[in-house]
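Visitor: The structure under discussion is supplied below as structure tokens; questions concerning it will follow.
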Amino acid sequence: MQWDSLLGHQQQKQWFQTALDSGRLASSFLFIGPEGIGKRTFATLLAKGLLCRNSPTQSLDACGHCEDCVQVDAGTHPDLLSVAKPADKANIPIELLIGEREKRMRAGLCHDISMRPYGGRRKIAIVDDADTFNNEGANCLLKTLEEPPSDSVLILLGTSLQRQLPTIRSRCQAILFKPLDVEQLQTLLLRTELTDSAGRAFQLASQASGSLAEARLLVDPELDEFRGHLLENLGKPQLPLIELAKSCGAIVDAAGKDARVKRERLKLIFRIAASFYRELSLNLSVASPERASQRGENELSQAVEVCRKHWKTGSRGATQAWDRCLLATEQVNRNANQATLLEAWAADIARLGGM
């Protein structure tokens, strides 16, 4: 993949190009934005440009066919390191950062990035799931962040600045990424062949909040249908707490025994609800109901319009409900008990709406 295939994030690319031109490229970055919007693709393209020996040192554009580029595309480049939270863990284990106990500080990311580059240019590390660092893991990175090896670049991928520990946040340059717009996501859905229908791609792009990850889930007719039922329930004058928790639990359990897939479904529920309350908050802050009803995707807008008529706590309450959905998503990542999480979330959003 080359830069001309990237959809969106052109401002971020220009920022990096300017930093290279001025010789002021930092060593540690936090890429912040929702899941599934292309942060990791951007990080990989950035690494590819920095590692390609056929391109000038001040250019982000890789040649695309040299050994470096081929290895980056294949995920086998010796100077490109990757770390991610294992599916069965709540946090990034310190062993991935500083090695197993018997190899402490002689293996792991912090050791590997300190070694001289094999290719002679740079060592680059991409760390997924930066939201899941605990204090112990963040402290393991502290020396690497404070005294980065020469010609090294460390890129951490997260969803929110607020979810980053101060140890990390204060030592990294934050780069903010926006969700894809509907047209960009529609193009990406067709390109990745998730659907071959432009109309269906547009529908999914309108529902997925700018996230390819969310669109991938909504391609499933069962989840697409569930989304409609969830929005309908959220819009009711009296939130059906028991029915809501049960229906959400059922759609998660229908994923089978794969814990990762179940977590993705659970997070999807909270992201759909977050979109609902975000739209409700914006809707309630608009003076004209006619203007408010024109906002957003049709199914979402209809549910919000119904809810608007009986919502008792105004835009502030809707914003608090939105925040509660974001917190619930974070709690999924911490492996909170599913049934307890759903029941507590449903009760809280009912309370915040004055229901």
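The values are calculated or read from the model by the stated rules, or taken from the named source; none is laboratory data. Computed from a predicted model, the values in this text were never measured in an experiment. Using ideal geometry, Cβ is built from the backbone for each residue, glycine included, and neighbour counts are taken over all protein chains shown. Accessible surface is based on the protein model in full, side chains and every heavy atom, while ligands, DNA and RNA are left aside. Shrake-Rupley method; radii C 1.70, N 1.55, O 1.52, S 1.80 Å.
Visitor: Pull up all non-local amide H partners of residue 28: gap of 5 or more, or a different chain, and H-to-H distance under 5 Å with H placed in the peptide plane.
Guide: Under 5 Å from the amide H of residue 28: 154, 173.
Visitor: Helix 182-191 versus the longest principal axis of the chain: what angle, 0 to 90°, nearest 10, using Cα atoms?
Guide: Here the helix axis deviates by roughly 60 degrees.
Visitor: In addition: Relative to the longest principal axis of the C-alpha atoms of the chain, give the angle of the C-alpha long axis of helix 221-234, reported between 0 and 90° and rounded to the nearest 10°.
Guide: So the inclination is approximately 60 degrees.
Visitor: Tabulate in residue order the Karplus-calculated ³J(HN,Hα) for the stretch 203-213, using 6.51 cos²θ - 1.76 cosθ + 1.60 with θ = phi - 60°, rounded to whole Hz; enter x for Gly and Pro.
Guide: Whole-Hz 3J(HN,Hα) from phi for the stretch 203-213: 4, 5, 5, 6, 8, 9, 6, x, 10, 5, 4.
Visitor: Rounded, prolate or oblate: which one fits the stretch 1-108, using the alpha carbon gyration tensor with axes a ≥ b ≥ c (rounded when a/c is under 1.5, else prolate when a/b beats b/c, else oblate)?
Guide: Prolate.
Visitor: Hey, which lysines would be in cross-link range of residue 48, C-alpha to C-alpha under 19 Å, not counting anything within fewer than 8 residues on its own chain?
Guide: 13, 39, 123
Visitor: So if a site counts as exposed when it's one of the GluC sites (Glu not before Pro), its DSSP state isn't H, G, I, E or B, and it has at most 15 other Cβ atoms within 10 Å, what's the longest stretch of the chain without one?
Guide: 194-355
Visitor: Identify the trypsin sites (Lys or Arg not before Pro) of the stretch 1-80 meeting these criteria: DSSP loop state and at most 10 other C-beta atoms within 10 Å of the C-beta.
Guide: 24
Visitor: Which one, 172, 3, 300, projects farthest toward the positive side of the charge dipole computed for the chain from Cβ point charges (K/R +1, D/E -1)?
Guide: The residue sitting most towards the positive pole is 172.
Visitor: Measure nothing fancy, just the Cα-based angle from helix 39-51's long axis to the longest principal axis of the chain, in degrees from 0 to 90, nearest 10.
Guide: The answer is roughly 10 degrees.
Visitor: How much accessible area per residue does the chain have, in Å², with a 1.4 Å probe?
Guide: 48
Visitor: Sticking with this structure for a sec: To the nearest 20 debye, what charge dipole does the stretch 148-269 have about its Cα centre, counting +1 at the Cβ of each Lys and Arg and -1 at the Cβ of each Asp and Glu?
Guide: Here the stretch 148-269 has a charge dipole of around 600 debye.
Visitor: Accessible area of the chain with a 1.4 Å probe: how many percent of it is carbon plus sulfur? Please list the in-between numbers first.
Guide: Details: 8470 of 17030 Å².
Result for the chain: 50 percent of the exposed heavy-atom area is carbon or sulfur.
Visitor: Also, quick follow-up: Determine ³J(HN,Hα), in whole Hz, for all residues of the stretch 330-345 in sequence, where each value follows from phi through the Karplus function 6.51 cos²θ - 1.76 cosθ + 1.60 and θ = phi - 60°; x replaces Gly and Pro.
Guide: 5, 5, 4, 5, 8, 6, 5, 4, 4, 4, 5, 4, 5, 5, 5, 4
Visitor: Using θ = phi - 60° and the Karplus form 6.51 cos²θ - 1.76 cosθ + 1.60, what ³J(HN,Hα) does each residue of the stretch 75-85 get, whole Hz, x for Gly and Pro?
Guide: x, 10, 5, x, 9, 10, 9, 9, 9, 8, 5
Visitor: Then there is this: Under 5 Å between amide H atoms, partner at least 5 residues away or on a different chain: which partners does residue 81 have, H built in plane at 1.01 Å?
Guide: 124, 125, 126
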